[in-house]
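Here's the structure we're looking at; comments come further down.
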Amino acid sequence: MTFPNDETGQILQEMKDAGFDFEPEYVVDFYALFHSEDDADAVAKLFMARIDNDEPFVKVETRNYEHGGEAADAIELQVSKVMKVEHQAISEFELEYKRIAEKHKGYSDGWGVFMGDDDDSGEEDTYIE
């Protein structure tokens, strides 16, 4: 399995190298940042409506962005979607999310997938973004 030479491709390659199983669907989290809660809430409402239309979104959540720097006053919107972890699917939705966020004065801030362990080995789970 090879991936395109872009940021998403590099992340997917790292996941492959870590032994990630690409076969099942996962909950993939996409993030956007906004300078106003009203703008973040407007986008959140769009995705809540899509949940009501039985689209495969499972979580839409806004929260204060707590990573410091200039973005410290930002509001983060997390939209979680059940999907295959594939370059094309992730890239297409990331572009759609970016365009929606930009229409509401926000910007895309990446994606991630939780790679939880099924065993109780005491090791920490991995979250790749």
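Read-outs throughout are calculated quantities, based only on the coordinates presented, and are distinct from any laboratory measurement. If you're wondering where the values come from, they're calculated on a predicted model, not measured in any experiment. Every residue, glycine among them, receives a Cβ derived from its backbone with ideal geometry; neighbour counts consider all protein chains shown.
Brief remarks follow.
- Farthest towards the positive end of the charge dipole of the range 25-113, among the residues 51, 33, 79, is the Cα of 51, using unit charges on the Cβ of Lys, Arg, Asp and Glu.
- Using θ = phi - 60° in the Karplus curve 6.51 cos²θ - 1.76 cosθ + 1.60, the 3J(HN,Hα) couplings for the range 24-32 round to x, 7, 10, 8, 9, 9, 10, 10, 9 Hz; x is entered for Gly and Pro.
- Measuring between alpha carbons in the structure, the pairs from 59/103; 81/105; 16/103 lying more than 24 angstrom apart are 16/103.
- Stretchable slack from residue 93 to residue 61, in nm (0.36 nm times residue separation minus alpha-carbon distance): 9.8 nm
- Using C-alpha pairs below 8 Å separated by at least 6 residues, the relative contact order for the range 25-113 is 47 percent.
- Pairs of alpha carbons in the range 25-113 whose separation is greater than 21 Å (percent): 25 percent
- Contour excess over end-to-end distance, with Cα ends at residue 114 and residue 27 and 0.36 nm allotted per residue: 30.6 nm
- Residue 18-residue 51 pseudo-label distance in nm [points 7 Å out on the Cα-to-Cβ vector]: 2.6 nm
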